[in-house]
Amino acid sequence: MSGFSEKFIFHGFLPEKKKAIEDVFNKISKFDETCVFYISPKKVNKIIPELKIFFSGRKIVFCREITKIYEEFIRKDIDELDILNMELKGELTIVISEKKIDKNNSQELSESDMNIIKMMINKLTIKEITEIISQIKDVSKKEIYNYCLKLKNEI
């Protein structure tokens, strides 16, 4: 339901003490995968400052009454989290998104990458070429796809 990566770290219930919660967040925030844990609705507002510190740049989903008729999902960017001003009952499942790779730091297609694509363009589909190149190079799929389209239009 979260829409995040299918690879996840499950922690279970968070500990009671603030220091112990910080220790848990410090450990699980280092993983690239989606993080899942339970918390009491009474404690959720108390952990928001720690969530912002340890999981900045990620998204969060508060899940209530999962699989029941009144299930509810609250989706937010962690950096924009404020105190939740609603009455939440029952245990909450919190799902935090995986770390995102900053595509702005990805490389551009090099001359050799372009030559490889030119050799592949008549033998493979654009989708296949995009998958192959994106797996071996830190280049966005969109850039690879657009270059392939450009080549196809020139033929």
Checklist entry - Roughly what angle does helix 126-136 make with the longest principal axis of the chain, taking Cα atoms, 0 to 90 degrees, to the nearest 10? => result 70
Checklist entry - Tell me, in nm to one decimal, what length is gained between His11 and Lys127 on full extension, where the rule is 0.36 nm per residue of separation less the Cα-Cα distance? => result 38.1 nm
Checklist entry - Once both axes come from the Cα atoms, what is the angle between helix 44-54 and the longest principal axis of the chain, in degrees from 0 to 90, rounded to 10? => result 40
Item to check | Cubic angstrom per residue, convex hull over Cα atoms of region 1-89 | outcome: 100
Checklist outcome for this item: Here, GluC sites (Glu not before Pro) of region 1-100 satisfying both criteria (DSSP loop; at most 15 other Cβ within 10 Å) are Glu6, Glu16, Glu71, Glu87, Glu91
Checklist entry - Once the dipole of the chain is set up with Lys and Arg at +1 and Asp and Glu at -1 on Cβ about the Cα centre, which of Ile117, Tyr70, Val95 lies farthest towards its positive end? => result Tyr70
Checklist entry - Sequence-distant or interchain residues sharing an amide H contact under 5 Å with Arg58, placed H: which? => result Ile78, Asp79
Next on the checklist: How large is the translational diffusion coefficient of region 1-49 in µm² per second when you combine the Kirkwood radius over alpha carbon pairs with Stokes-Einstein at 4 °C and 1.567 mPa s?
Outcome noted: 111
Checklist entry - Where does region 104-154 land on the Kirkwood hydrodynamic radius, alpha-carbon pairs, in angstrom? => result 10.7
Item to check | Exposed-site-free run, longest, the chain (rule: chymotrypsin sites (Phe, Trp or Tyr not before Pro); DSSP loop; at most 14 other C-beta within 10 Å) | outcome: 71-155
Checklist outcome for this item: Per the chain, sqrt(5λ) over the Cα gyration tensor eigenvalues, sorted largest first, in Å, gives 43, 17, 13
Next on the checklist: Within a 10 angstrom radius of the beta carbon, how do Ser140, Ser40, Ser56 rank from fewest other beta carbons to most?
Outcome noted: Ser56, Ser40, Ser140
Item to check | Vicinal HN-Hα couplings computed from phi for region 22-27 (Karplus, 6.51 cos²θ - 1.76 cosθ + 1.60; Hz; Gly/Pro x) | outcome: 4, 5, 4, 4, 4, 6
Item to check | Helix 111-120 vs. the chain, principal-axis angle (Cα, 0 to 90°, nearest 10) | outcome: 80
Item to check | Antiparallel bridge percentage (DSSP; both residues within the chain; nearest 5) | outcome: 75
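The numbers here are math on the coordinates, done by the rules we state, and not lab data. Owing to the predicted nature of the structure, the values given are computational and were not obtained by experimental measurement. With ideal geometry, Cβ positions are generated from the backbone for all residues, glycine too; neighbour counts draw on all protein chains shown.
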